[in-house]
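What follows is a short report on a single structure.
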Amino acid sequence: MNNLQEAFEELVKDMYSAEKQVLKALPKAASASTSKDLIAGIEAHIKQTEQHVVRLEEIASRGGYKPSGKVCTAAKGIIEEQDEALSEHEKGPLLDAVLVCGCQKFEHYEIANYGTAVSWAKLLGLKEDLNALQETLTEEKETNQKLTDVADSTVNKAALSEMAGAR
Ligand code: FE
Ligand code: FE
């Protein structure tokens, strides 16, 4: 890539791959969880993520390129770690706590990407793209905060008391 416009397009493709990957991973996380708050949060975010995919498709189509064709290896890595956690732990409070951590790693990754995409879209004068990316960024931040709330209010304490019960 040679300029900011091209870097922006690469970033859109990267995020598109990340969103498509997480769309497959989120249902697995939901079905592995025993926390109804966490399950509800993940299910709500699946619906939002479907819109994130659509927004990126619209951004690419406005720019005259395809969003597909790139594999986001960072997203792949975060999801692989989540898969490891799923295979290492039985269903229960500890796995729930570990799942929240994995989900938050992904949201933070998305927040970094969308935050950059928002400022680049602004500089490049891509007004419609800017609005769409800002909407997604807001939803990623809200999701991250909800995950923190679920962890603090129930999931982490349940994991701790499970440990106390086992001693
Ligand atoms: Fe997303
Ligand atoms: Fe997300």
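Here, each number is a calculation from the coordinates, and none is a lab measurement. Note that the structure is predicted; figures quoted are calculated from it, not measured. Here the Cβ is made from the backbone with ideal geometry for all residues, glycine too, and neighbour counts use every protein chain on show.
Electrostatic tally near Gln82: other residues with Cβ closer than 14 Å to its Cβ, Lys and Arg +1, Asp and Glu -1, net -3.
Label zone (Lys28, point 7 Å along Cα-to-C-beta; backbone nitrogen cut-off 12 Å) within the stretch 74-117: 76-88. Which one of Ala60, Val71, Ser17 is farthest out on the positive end of the charge dipole of the chain, using unit charges on Cβ (Lys, Arg +1; Asp, Glu -1) and the Cα centre as origin? Result: Ala60, furthest along the dipole toward the positive end. Relative to the dominant Cα principal axis of the chain, helix 4-32 is inclined by about 20°.
Can you give the Kirkwood hydrodynamic radius of the chain from its Cα pairs, in Å with one decimal?
16.7
A cut-off under 12 angstrom between Cβ atoms defines the neighbours of Arg62, and their net charge, with Lys, Arg +1 and Asp, Glu -1, is -3. Count Lys and Arg as plus one, Asp and Glu as minus one, and take only other residues whose Cβ is under 12 Å from that of Asn3; the net charge is then -3. The distance from the alpha carbon centre of the stretch 1-44 to that of the stretch 126-167 is 14 Å, rounded to a whole number.
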